[in-house]
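Participant: First the structure, which I've put down as structure tokens, then a few questions once you've had a look.
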Amino acid sequence: MQCSSGGVRLSPAFPLSRWLWARGFSAKLFVGGLSYDTNEAVLKEAFGRHGEIIEVKVICDHKSGRSKGYGFLRFISETAATTALKEMDGQLLDGRNIRVHCAHQA
């Protein structure tokens, strides 16, 4: 994972996190082994102490609406994502030991 600002000037009306997200300057993690009851708010709260999160998505079955047991988090910085990965991999969340990996972007 690599982040770089490239020396671009930002308008005060356009938040930095949104600009970075739009440009792909962020760090995305895969979280597996989630409880079927874990939602996006729970995931964001659990990982939020490691840095600013700009996107959270728990993947759900489109017919039942039930979680498939995995999701993704996008942090504003590589440092925050790396810290979250190290601290959260193997931890207990909603009664399940979760797995955290870097998400590969296609």
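The values are calculated or read from the model by the stated rules, or taken from the named source; none is laboratory data. Here the structure is a predicted model, which means the values were calculated and not measured. No Cβ is skipped: glycine too gets one built from the backbone with ideal geometry, and neighbour counts run over all protein chains shown.
Participant: Can you tell me which of (1) surrounded by 15 or more Cβ atoms within 10 Å (Cβ to Cβ); (2) at pLDDT below 95 is the one A46 doesn't meet?
Facilitator: Status for A46: all satisfied but (2).
Let's see how each residue does on (1) in contact with a helix residue (DSSP H, G or I) (Cβ under 6 Å, 6 or more places away or on another chain); (2) closer than 13 Å to V42 by Cβ; (3) assigned to a strand (DSSP E or B):
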site: Y70; (1), (2), (3): no, no, yes
site: R74; (1), (2), (3): no, no, yes
site: T79; (1), (2), (3): no, no, no
site: T82; (1), (2), (3): no, no, no
site: K86; (1), (2), (3): no, no, no
site: V100; (1), (2), (3): yes, no, yes
site: H104; (1), (2), (3): no, no, no
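Participant: Turning to a different aspect of this structure: Does the stretch 32-39 contain any residue that is part of a strand (DSSP E or B), touching a Lys or Arg at 6+ places or on another chain (Cβ under 9 Å), at pLDDT 95 or above and not acidic (D, E)?
Facilitator: Looking for residues that are part of a strand (DSSP E or B), touching a Lys or Arg at 6+ places or on another chain (Cβ under 9 Å), at pLDDT 95 or above and not acidic (D, E), one finds at least one in the stretch 32-39, hence yes.
Participant: Taking the residues in the stretch 62-82 that are of a type in the set (S, T, N, Q) and surrounded by fewer than 16 Cβ atoms within 10 Å (Cβ to Cβ) as candidates, determine which candidate is nearest to H104 (Cα to Cα).
Facilitator: For the stretch 62-82, the residue satisfying everything is T79.
Participant: Restricting the first residue to the stretch 78-99 and requiring it to be at positive phi and at pLDDT below 95, which pairs with a second residue that is surrounded by 13 or more Cβ atoms within 10 Å (Cβ to Cβ) and in a strand (DSSP E or B) meet a Cβ separation below 9 Å and a spacing of at least six or different chains?
Facilitator: none
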